[in-house]
Each structure stands twice: as C-alpha cells, then as structure tokens.
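Only one structure is covered here, and it is reproduced in the block below.
The values are calculated or read from the model by the stated rules, or taken from the named source; none is laboratory data. Computed from a predicted structure; not experimentally measured. No Cβ is skipped: glycine too gets one built from the backbone with ideal geometry, and neighbour counts run over all protein chains shown. For accessibility, only protein heavy atoms count, side chains too; no ligands or nucleic acids. Shrake-Rupley method; radii C 1.70, N 1.55, O 1.52, S 1.80 Å.
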Amino acid sequence: MGFLTKVWATLRGVGHEAEEVFIDAQGIRILEQEIRDAKEAQGDAKESLTDVMAEQLKMERQVEVTRKQLAEYDQAIRELLERGDESLAAETAEKIAEVEMELETEEAVLKTYIEQVADLKVTILESDKQVKALEREVSIVKSTEAAQKAAELTAERFSGSNSSLQSASDSLKRIKERQQKRKDKMKAAREIAKETNSVELKDKLVSAGVIHSKANGKSVLERYKAEKAE
C-alpha cells in the first residue's frame, strides 16, 4: 500500500468516526425527544384513564340503581303471587324482564369499563418503567460521554513536553530555582556581613591594645616570664 493510499485510508477512517459521532449525538437527542413525547403521551393516557374510571363509577352507580329496582319488583311480584293477583303479577313480570335486560346491558358495559381501566393501568405502569429505564440509560450514556471527553481533554492538555501543563510545571520549577538562588545569595550575604563585622571588631580591639593581633614567640616568652615573676 502506497503512502497516499494510507493517507486516504486514514482520512476516511477519521471521517467515518466523525460521522458516527454526529449520528450518535443525534441519536441521543432523538431519544430525549422520544422520552419527552412518551411522557406527554403518558399524561394523555392518565387523563384518559381518569375519564374511563369516572365512567366506570357512573356505571357502577347505575347498576346499583337498577339492581335495587329489580329487587323491588322481585319483592312485589312475590307478594302479588301470594295474593293471587295474576294480572298485576304478569304485568310486573314483564317489567322485571325489561329491567333484567337493562341490568344485563349495564353490567356488560361496566365489565368493559373495568377491563379498560385494568388494561390502561398496566399499560401506563409498563410505559412508566420503560421511560424511566430509558432515562437512566440516556443519563448514563451522557455522563459517560462527558467524563470521557473530560478525560480526553485533560490528556490532550496535560500530556507531552509541549503541553500547557508541562510548560506551567517548567515555569514553576524555574521560579522555585530562582527563589532558592536568591535565598542562598541572601544567606551568603549575611554570612559575609557577619564575618566582616567580626574582623572589624577585632581590628578595633587590637588598635586599642586590648587584644593582640596575633601570637608570636616574643609575646609568648613575655607571657611566661610574667607568670614566673608572680
């Protein structure tokens, strides 16, 4: 493979990777939009569930009214039969048949409402779980992506001899070296000043005749003669 071929292959690889990064970023945004749409749909579903539950409660009350009415007609026809009032009992029986049909229809509608409420509750619950799971996944992906980008940026900035961190470290090292050099100079100056002051004091004392500038044979001999005379 020639040099140019390798270059073009590398560029294609970089371009493909950049395209994938763009697509993935778009994918995350699409998922976030889907989550928002799903939450909005969940709100609509919960509102629909509320409406259906309200209809269910209404139908339950209607069924209860019809059952009470049927119970009243049932008690009435029993009393009529005990009295032997066949004509009114037959009329009542017709009404009972009519009410029973109404009750059967109402109970069927009520059953439908109950089933719809149960199905909606399951659907909403499952949808909630899926949305929350998807939110967690997106959050993890985004957090991981951010952490990896931060790590890459840190590696780019703080690695290599020409990096900003290396330059800053070198500058810090030079500053410390200059500070230490100044510190050493000041220490040396203090030592020189101390020694100079000591020499000047000794010279003054010699000039005053308090001390001798240096010991020699004559001075030593005189010292011993003085000691012997005592």
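Does the range 56-78 hold any residues that are open to solvent by 80 Å² or more (accessible area, probe 1.4 Å) and not polar (S, T, N, Q), and which are they?
Within the range 56-78, Leu57, Lys58, Arg61, Glu64, Val65, Arg67, Lys68, Glu72, Arg78 qualify.
Yes/no per residue for (1) among the hydrophobic types (A, V, I, L, M, F, W, C); (2) modelled with pLDDT of 80 or more; (3) outside any helix (DSSP H, G or I):
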site	(1), (2), (3)
Leu134	yes, yes, no
Thr154	no, no, no
Gln166	no, no, no
Lys173	no, yes, no
Lys176	no, yes, no
Met186	yes, yes, no
Glu191	no, no, no
Lys194	no, no, no
Ser198	no, no, no
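Given the conditions (1) open to solvent by 50 Å² or more (accessible area, probe 1.4 Å); (2) within 29 Å of Gln56 (Cα to Cα); (3) out of contact with any helix residue (DSSP H, G or I) (no Cβ under 9 Å at 6 or more places or on another chain), which single one is not true for Glu82?
Evaluating Glu82 over (1) open to solvent by 50 Å² or more (accessible area, probe 1.4 Å); (2) within 29 Å of Gln56 (Cα to Cα); (3) out of contact with any helix residue (DSSP H, G or I) (no Cβ under 9 Å at 6 or more places or on another chain) leaves (2) as the failure.
Out of (1) modelled with pLDDT under 90; (2) open to solvent by 60 Å² or more (accessible area, probe 1.4 Å), the odd one out for Ala150 is which?
Result: Ala150 fails condition (2) only.
With the requirement that a residue be of a type outside the set (S, T, N, Q) and under 60 Å from the mean Cα position of the chain (by Cα), what does the range 75-108 give you? Give the steps one after another, and end with the answer.
From the range 75-108, those of a type outside the set (S, T, N, Q) are 76-86, 88-91, 93-104, 106-108; that's our starting set.
Passing the criteria: Glu102, Leu103, Glu104, Glu106, Glu107, Ala108.
Given the structure, is Ile96 more than 30 Å from Glu34 (Cβ to Cβ), open to solvent by less than 80 Å² (accessible area, probe 1.4 Å) and part of a helix (DSSP H, G or I)?
Working: more than 30 Å from Glu34 (Cβ to Cβ): yes; open to solvent by less than 80 Å² (accessible area, probe 1.4 Å): yes; part of a helix (DSSP H, G or I): yes.
For Ile96, the condition - more than 30 Å from Glu34 (Cβ to Cβ), open to solvent by less than 80 Å² (accessible area, probe 1.4 Å) and part of a helix (DSSP H, G or I) - is met.
From the list Glu40, Glu72, pick out the single residue that is of a type outside the set (Phe, Trp, Tyr), more than 23 Å from Glu102 (Cα to Cα) and either within 57 Å of the chain's Cα centre (by Cα) or at pLDDT 90 or above (or both). Steps first, please.
Working: Glu72 fails: more than 23 Å from Glu102 (Cα to Cα).
Checking each option against the conditions leaves just Glu40.
For a quick check of your reading of the model, give me the residue pairs whose first member lies in the range 50-74 and is closer than 24 Å to Glu91 by Cβ, whose second is of a type in the set (Phe, Trp, Tyr), with beta-carbon atoms closer than 9 Å and at least 6 apart or on different chains.
That search, which allows pairs on different chains as well, returns nothing.
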